[in-house]
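Please see the structure below; I have some questions.
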Amino acid sequence: MGLVFVLICNGFMLFGTYRMVRSYEKKAMEMQASYVEQQCGILANQIMLNGSNFYNMNGISEEREANIYEIEQLANDIGGRILIIDNHYEILSDTYNQNCGQYYVTGELIRAFADKEVGRTFIGEEYLQVISKVYNQETEKVDALILAISSLDGKNGMTEYLYEQRKTIVGIFFLFTAMTSILLVIFFKKCFGTMQKELDIIAEGHQEENMSEGGFQEFYKMASSFNKIINRYKELENSRQEFVSNVSHELKTPITSMKILADSLLMQENVPAEIYEEFMNDIVHEIDRENQIINDLLTLVKMDKTQAELNIAPTNINELLNMLLKRISPIAEERNITIRLETMRTVIAEVDEVKLSLACNNIIENAVKYNREGGKVDVSLNGDHKFFYIRVKDTGVGIPEDCQEQIFERFYRVDKARSRETGGTGLGLAISRNVVLLHKGSIRVHSKEGEGAVFIIRIPLTYLG
């Protein structure tokens, strides 16, 4: 990892310094070209003012001598060569004193004499060529051209110097990144070693331990995520242990009651028939209760499966609720509780009729069981283009606010004494929630203690499995 870090950093450094040197090189060439163009333009203006005095090769005048001196000075200044060419393409002046009186014709010179735009020309990276026009004051036509060829040795020397400095900078940066990467590797190795030790401790069974959250942001996030996983595992483990404990207790309670009743009969001689019958009825009641708990547990296990089987078919929800209310009405009549069904529209939905009946039955039956004498239970059905809604409202004892999140958990009871009296197993709402979730729906509860409760089920009209 450290080697990769060094290579990447130095790759960026090499590329960056290369771009920097190339940028300087280009800027230097542009500045050199602008300077040569400016000086050639000044020289062209002076030659234009001298006019025929300069073009007369045989004549000698102070103006021409001054211009020739300035041409030679400019040639030395730019480190190159300057040619003066008239409109017959004859070389009037050459700072190298080699081609005076000869003719020189190129495409660029032809375009320049036609008064077309000609720009600077870079000959490789060593020379620069600039053409400036000398106009006739009377005709305003191009009378002559100044052809300047400038050496770029100064720029090349500076570029070579920069490349040498670049090597030094890259070398220093390489050493710096190498040392930094080594220190990072040592630090990361130490952090990972600490994390590994803490994970080994947790893996040995010390689930009460947590990983220390410190170091870089990445290590903090990693440790935080591990701690969340560990805490979630702790919650699941506690939930599992509590579930096993609750199951054991719920299954043991009816058995204990039956044993006490049976022992009472065995300890007495000549038990009257009516007492014997009463005790046997109690035993049968406890057996039914045990059977109900086992059936609810099996139902819940089936619901917990990831791929629980649903027999989906179009179902008339109105008829389903009517059937459930007829089934529960006898229980309600015993306590003088009024049950009423209100349907806003006919609802046909794709559901598992048996499982949805079980879920709704548990909720409506709880509304009756935990209601007051002479209370009411209102069941309503409504729907829209996407969902249908079942609302169950009672006038019962209500659910404390701090208990509303736990009522769908297995074996959870708000009032354990009252639950024992009503014969509940503590699994009904857990089963109802699982059924609703299997149908990709949701279930909510709104309640205030002493003011009853409202359960709202929302399920898609079309199964989205």
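The values are calculated or read from the model by the stated rules, or taken from the named source; none is laboratory data. Quantities reported herein were computed from a predicted structural model and do not represent experimental measurements. Quick reminder, even Gly has a Cβ in these numbers, built from the backbone with ideal geometry, and neighbours come from all protein chains shown. Side chains included, ligands, DNA and RNA excluded: accessible areas come from the protein's heavy atoms. Shrake-Rupley method; radii C 1.70, N 1.55, O 1.52, S 1.80 Å.
Which condition number in (1) over 27 Å from GLN406 (Cβ atoms); (2) modelled with pLDDT of 75 or more; (3) not aromatic (Phe, Trp, Tyr) is the one that THR256 fails?
(1)
Please enumerate the residues belonging to the stretch 444-460 that are free of Cβ contacts under 8 Å to residues at least 60 places away in the same chain and part of a strand (DSSP E or B).
Listed by number, the residues that qualify are ARG444, VAL445, HIS446, SER447.
If a residue has to be out of contact with any helix residue (DSSP H, G or I) (no Cβ under 9 Å at 6 or more places or on another chain), modelled with pLDDT of 90 or more and more than 27 Å from THR462 (Cα to Cα) to count, how many in the stretch 327-347 make the cut?
Result for the stretch 327-347: 1.
Considering only strands (runs of 3 or more DSSP E) fully contained in the stretch 304-410, which possess at least 2 residues that are loosely packed, with under 15 Cβ neighbours inside 10 Å?
The qualifying strands (runs of 3 or more DSSP E) are 313-316, 338-343.
For LYS27, work out the one condition from (1) at pLDDT 70 or above; (2) of a type in the set (Lys, Arg); (3) open to solvent by less than 70 Å² (accessible area, probe 1.4 Å) it doesn't fulfil.
The failed condition is (3).
Mind listing whichever residues of the stretch 387-406 are of a type in the set (Gly, Ala, Ser) and farther than 30 Å from THR346 by Cβ?
Scanning the stretch 387-406 gives a single hit, GLY398.
What pairs can you find where one residue is in the stretch 261-275 and part of a helix (DSSP H, G or I), the other is β-branched (Val, Ile, Thr), and their Cβ atoms are less than 7 Å apart, with a gap of 6+ or different chains?
LEU261/ILE283; ALA262/ILE283; LEU265/VAL271
If you go through the stretch 68-79 one residue at a time, do you hit one that is acidic (Asp, Glu), surrounded by fewer than 16 Cβ atoms within 10 Å (Cβ to Cβ) and modelled with pLDDT of 80 or more?
Yes.
Given (1) at pLDDT below 65; (2) over 30 Å from MET179 (Cα atoms); (3) open to solvent by 90 Å² or more (accessible area, probe 1.4 Å), where does GLU63 come up short, assuming only one miss?
(3)
OK, next. List every residue pair whose Cβ atoms sit under 9 Å apart, with the two residues 6 or more apart in sequence or on different chains, where the first one lies in the stretch 111-127 and is assigned to a loop (DSSP other than H, G, I, E, B) and among the basic types (Lys, Arg) and the second, anywhere, is open to solvent by 80 Å² or more (accessible area, probe 1.4 Å) and at pLDDT 80 or above.
LYS116/ILE110
When you go through (1) modelled with pLDDT under 70; (2) within 22 Å of ILE201 (Cα to Cα) one by one for LEU251, which number turns out not to apply?
LEU251 satisfies all of (1) modelled with pLDDT under 70; (2) within 22 Å of ILE201 (Cα to Cα) except (2).
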